[in-house]
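A short worksheet on the structure shown next.
The values are calculated or read from the model by the stated rules, or taken from the named source; none is laboratory data. Note that this is a predicted model, so its numbers are computed, not measured. With ideal geometry, Cβ positions are generated from the backbone for all residues, glycine too; neighbour counts draw on all protein chains shown.
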């Protein structure tokens, strides 16, 4: 009786996900092992060629570019996000929620619009260039848009709210006791931060970093609009293989590689968080001790 | 944290982060009311650009399409996702089920987009608003399920047993006991999936098909942005920002009432 009731509840959702998520993903995995047909279709001949081509110099360069851009965006987002999250966690309890909502609010407006706002600010006739010109700081407009700088800026702008949220939940879980113990034992503020706070917030850092990196490396909109196609990333490559080159097997192989990168990072993060929790427990502090 | 200079520096940094987050948005809003539409010279307050929008049939059609897609995918995913959440909360924790439900939320958009396009093409399905609805429901089911499960975790199951012991049927128990308790969570989940669907671009772009008739609002915005910076986009942006902030505040309020 109970079993059948549970089956009825689960069946529509699991069926839907099996049909519209698992099956389509299996299809592109299968496509990635076939050759491209002469007219853009699929030629059902097994090959490892797509994966071998993914390692060729042209694709490898875009891979490296993507990793560098996503890595830079991740690092900058962490450097901006950590002190901000720390400041929120140190604020009076009754203000923390409002401060967090204020951080997340822009995150909920349309991604395209948030990206477009930077085109308005950064272009040659934009607010920053025109402002600097009218103040006499520069004569020629600065090349702010359609380069790697703009792409990194756009990614940081869009994802820093989430990094702050992830870090906040990690930092706010720490009680003042450990820090006070460190101070009492003669540790300076810096030592306390480096030896106590930072190690204990590693799971939050890892969660935020993986989120920004995964969303950045698979991003299509930001490199397209702010990079002006100058710095295509993995997402743009998949897009062009599917919609321009009509090489679906190649696009599928790249998509599958993107998923593998994501899974590897998530797995690494889980292991990392698990080990960090273990270390804390070994030191006699229960992980996630309620505050 | 004992030394005040550090706290001062942290608070100054936080202030700058808010400036960074809000200045671009505020600039768009201000420019949308600028008569000339130019970024640097203020030529007077005007709602001219909003008037232009109201007379642009392409934008209105795209907004209509997005509403249809968002409402339809929200209805499907709220129903299926809520059932899924109830089923998952009733049984033992299952890591494979958890992973399956987490997958649509973390899989890169572009991968889900090409996977669904390949799937529909293989089935020879005609692409259009219906394929966008089916595609959006994939990630929306996952988000609805997650939100409703959080609500169910704090749910005292003994009142369901009490209702059944008192002779109520499963359906009556759901309607009179379970649903009122989880309702705030379900409404918040529906709002979330509506927001996600109405903002979603890449998956819609891939699964909309070639016809102009199934252009959604974000697809229209994307086409306009690629064309260049225009005052009309500033006006659209302002409306979209206002609308999404309203939705967020609404769901915040629901959450607070639920808590």
_Search result, residues across segment B:206-222 that are surrounded by 13 or more Cβ atoms within 10 Å (Cβ to Cβ) and more than 9 Å from chain A (Cβ to nearest Cβ)_ = B:207, B:208, B:209, B:214, B:215, B:216, B:219, B:220
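Answer yes if at least one residue in segment A:217-235 is farther than 27 Å from residue A:51 by Cα and buried (at least 24 other Cβ atoms within 10 Å of the Cβ), and no otherwise.
Yes: one or more hits.
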*Quick one: how many residues across segment B:7-65 are away from chain A (no Cβ under 14 Å) and at positive phi?*
1
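In segment A:115-156, what residues are under 19 Å from residue A:220 (Cα atoms) and facing chain B (nearest Cβ under 7 Å)?
Step one: list which residues in segment A:115-156 are under 19 Å from residue A:220 (Cα atoms), which gives A:115-119, A:145-156.
A:116, A:117, A:118, A:119 - these are the residues of segment A:115-156 that are under 19 Å from residue A:220 (Cα atoms) and facing chain B (nearest Cβ under 7 Å).
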*Filter the helices (runs of 4 or more DSSP H) completely within segment A:1-58 down to those with at least 1 residues that are facing chain B (nearest Cβ under 9 Å) and touching a residue at least 40 places away in the same chain (Cβ under 8 Å).*
A:23-31
*asked:* With the requirement that a residue be at the interface with chain A (Cβ under 8 Å from one of its Cβ atoms) and either touching a residue at least 12 places away in the same chain (Cβ under 8 Å) or touching a strand residue (DSSP E or B) at 6+ places or on another chain (Cβ under 7 Å) (or both), what does segment B:79-97 give you?
replied: B:80, B:81, B:84, B:86, B:88
_Tell me the residue from B:80, B:132 that is under 15 Å from residue A:9 (Cα atoms), crowded, with 16+ Cβ neighbours inside 10 Å and at pLDDT 95 or above, please._
B:80
*Provide a single number: the residues in segment A:71-86 that are within 7 Å of another protein chain (Cβ to nearest Cβ) and touching a residue at least 12 places away in the same chain (Cβ under 8 Å).*
3
*Can you tell me how many residues in segment A:196-224 are touching a residue at least 24 places away in the same chain (Cβ under 8 Å) and outside any helix (DSSP H, G or I)?*
3
*Please enumerate the residues belonging to segment B:155-205 that are part of a loop (DSSP other than H, G, I, E, B), surrounded by fewer than 21 Cβ atoms within 10 Å (Cβ to Cβ) and in contact with a helix residue (DSSP H, G or I) (Cβ under 9 Å, 6 or more places away or on another chain).*
B:155, B:156, B:157, B:168, B:201
*asked:* From the list A:162, A:193, exactly one residue is touching a residue at least 40 places away in the same chain (Cβ under 8 Å) and more than 8 Å from chain B (Cβ to nearest Cβ). Which is it?
replied: A:162
*Restricting attention to helices (runs of 4 or more DSSP H) lying wholly within segment A:82-137, give those where 2 or more residues are surrounded by 15 or more Cβ atoms within 10 Å (Cβ to Cβ) and modelled with pLDDT of 90 or more.*
A:93-104, A:111-122
*Filter segment A:225-250 down to residues that are touching a residue at least 24 places away in the same chain (Cβ under 8 Å), assigned to a helix (DSSP H, G or I) and over 21 Å from the mean Cα position of the chain (by Cα), then give me how many there are.*
3
*So which of B:17, B:69 is touching a residue at least 12 places away in the same chain (Cβ under 8 Å), in a helix (DSSP H, G or I) and in contact with a helix residue (DSSP H, G or I) (Cβ under 6 Å, 6 or more places away or on another chain)?*
B:69
*For segment A:156-190, which residues satisfy the criterion of being part of a helix (DSSP H, G or I) and out of contact with any helix residue (DSSP H, G or I) (no Cβ under 7 Å at 6 or more places or on another chain)?*
A:176, A:177, A:180, A:181, A:184, A:190
*Go through the residues of segment A:216-223 one by one and say whether even a single one is more than 26 Å from residue A:271 (Cβ to Cβ) and facing chain B (nearest Cβ under 10 Å).*
yes
_Which residue is surrounded by the most Cβ atoms within 10 Å (Cβ to Cβ), if the candidates are limited to segment B:225-237 and must be at the interface with another protein chain (Cβ under 9 Å from one of its Cβ atoms) and assigned to a helix (DSSP H, G or I)?_
B:236
*asked:* Looking at segment A:270-278, can you tell me whether even one residue there is modelled with pLDDT of 80 or more and either exposed (fewer than 13 other Cβ atoms within 10 Å of the Cβ) or within 13 Å of chain B (Cβ to nearest Cβ) (or both)?
replied: yes
*Go over the candidates B:88, B:125 one by one and state the one that is part of a helix (DSSP H, G or I) and either over 22 Å from the mean Cα position of the chain (by Cα) or surrounded by 19 or more Cβ atoms within 10 Å (Cβ to Cβ) (or both).*
B:88
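Out of everything in segment B:112-133 that is without any contact (Cβ under 8 Å) to a residue 24 or more places away in the chain and closer than 25 Å to residue B:192 by Cα, what residue ends up being farthest from the other protein chains (Cβ to nearest Cβ)? Before you say what the answer is, go through the steps one by one.
Taking segment B:112-133 as the starting set, the residues that turn out to be without any contact (Cβ under 8 Å) to a residue 24 or more places away in the chain are B:115, B:118-119, B:121-125, B:130.
In the following step, the residues that additionally are closer than 25 Å to residue B:192 by Cα were identified as B:115, B:130.
On the way: B:115: 4, B:130: 13 Å.
Only one residue fits best here, namely B:130.
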